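One structure is given below, encoded as structure tokens.
The values are calculated or read from the model by the stated rules, or taken from the named source; none is laboratory data. Since we're looking at a predicted model, the values are computed, not measured. Heads up, the Cβs are rebuilt from the backbone with ideal geometry, glycines too, and the neighbour counts pull from every protein chain shown. These accessible areas exclude ligands, DNA and RNA; they are computed on the full protein's heavy atoms, side chains included. Shrake-Rupley method; radii C 1.70, N 1.55, O 1.52, S 1.80 Å.
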Amino acid sequence: MMRVLVVAGARPNFMKVAPVVAELGRRGIDPPLVHTGQHYDERMSDAFFRDLGIPAPAYHLGVGSGSHAVQTAGVMTAFEPVLRDVRPDWVVVVGDVNSTLACALVAAKLQPELGCRVAHVEAGLRSGDWRMPEEVNRVLTDRLSDLLLTPSRDAHPNLRAEGIPGERVVFAGNVMIDTLFAQLPAARALGTPESLGLPRGGYAVVTLHRPSMVDDPLALAQAVGALADAAREMPVVFPMHPRTRRNVERFGLAGALDGVRVLEPLGYREMLGLTDGGAVVLTDSGGLQEETTALGVPCVTLREQTERPVTVSEGTNRLAPWPLTRGGVLSAFRAAAAEGRRPPGERSPEGWDGRAAERVVAAIRERGSARMQESAAGE
Ligand code: UD1
């Protein structure tokens, strides 16, 4: 029997591993799950496991926060003995966080000894911005991977341009959208907008957490100013990442958020229900750019570029004018609000159909076990 080890570390990983773990289970492969502990708060981690019905991790590495070097090295050091213990045929990593790269690197180095291959789910996305830690993680993880599963066709020319052999690359579609469609009825049934007293279809949802935005006092001040302006036009609700909360206080911007409803980070279903009921989303998150496209909700992305261009060309996303200014963000917000919502799934990118995990698991099973193939060849 083929053995597959699945890795998750941070909040945006959890909705990507959920459908892959479930599909592996349906195919009779019971994958041990590794949680690196990059995210560890109840609201950043446990709430997602519960909402998404992800089985408890067989291994919890408990790595926690730290500088990039400390965090990445901590995951690597803790992951190596797990890999030796499980000796999987495949290590499945998802997305672009530090845990993704750390585990891919350990597995690639142990491949000659253990025969474990690396499958990267969400391969091939590129922002072209090497200052983003996620971009470094994506490029290196893809270079280390034996099987690159792409969420959208725009990933393929990126991988070709980097010289990745075509036979390693498989179009899978977007596993996060599998989770979105599976959870949408339950998310709607929660009535999150109503419980917050928000008019369905008549409020804005904000998330900001990227270091390039929230660690920069000037950028954060421009964004916060625009949110305060937007809040004079419709209710604005802002579930706040711990990094952002810390910096809003540190930079003395809490007062400037007057009129904006700041909340603790939300669970997956609450957040999905809130997004689904909104008129506009303003964000710097990669995941929300995709979720708003699937839901047909207009989205303004507060970044210079996006590694998910399909959400602009085929979806409901637009980039705020760059460099970010209070006025530029406000006018993008107004344009998005004026455009209005589309019915969910009306114009979905190819493969954002709720069946991406089936294609991921089919590609892994097709390639089978390198170890078994080797020992068969040697007989
Ligand atoms: C990480 C990912 C980013 C992803 C984001 C989603 C990397 C390089 N970045 O960024 O791609 O979009 O997760 O949230 O992997 N903290 C808590 N509780 C937690 C986790 C973090 O309070 O459970 C605080 C800590 O102060 C920590 C800070 O948030 O130092 C940053 O956490 P970290 O995991 O380093 O990066 P994120 O900014 O969350």
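Some observations on this one:
- Each Lys and Arg contributes +1 and each Asp and Glu -1, all at the Cβ; summed about the Cα centre of the chain, the dipole is approximately 180 debye.
- Among residues other than C116 with Cβ under 11 Å from its Cβ, the summed charge is +3 (Lys and Arg +1, Asp and Glu -1).
- When its C-alpha radius of gyration is set against 2.2 N^0.38 Å (N residues), the chain gives a value of 0.98.
- Among Y203, Y59, Y40, the order of accessible area from largest down is Y40, Y59, Y203, computed with a 1.4 Å probe on protein heavy atoms.
- Across the protein chains, with a 1.4 Å probe defining accessible surface, the residues T311, T72 rank T72, T311 from largest area downward.
- Residues F333, F251, sorted by accessible area with the largest first, give F251, F333 [1.4 Å probe; ligands and nucleic acids excluded].
- When the chain is described by a simple charge dipole with +1 on each Lys and Arg Cβ and -1 on each Asp and Glu Cβ, the residue from L33, S65, P323 located farthest towards its positive end is P323.
- Cα convex hull of segment 181-339 - mean projected area over all directions, nm²: 8.4
- Extension gain for A377-S331 works out to 10.2 nm (0.36 nm per residue, less the C-alpha to C-alpha distance).
- A 1.4 Å probe, protein heavy atoms only, puts the accessible area of T306 near 20 Å².
- Count Lys and Arg as plus one, Asp and Glu as minus one, and take only other residues whose Cβ is under 12 Å from that of R43; the net charge is then -3.
- Gaussian network model of the chain, Cα within-10 Å springs - most flexible of V361, V175, V86: V86
- Cα gyration tensor category, rounded, prolate or oblate, for segment 1-137 with a/c compared to 1.5: rounded
- Between R365 and F181, the modelled labels are 1.9 nm apart [label points 7 Å from Cα along Cα→Cβ].
- Summed over the residues of the chain and divided among them, the accessible surface reaches 39 Å² per residue at a probe radius of 1.4 Å.
- Computed [θ] at 222 nm, deg cm²/dmol, the chain (DSSP H ≥ 4; -39,500 (n - 2.57); rounded to nearest 500): -14500 deg cm²/dmol
- Accessible carbon and sulfur surface of segment 181-339 relative to its total accessible area, %, 1.4 Å: 55
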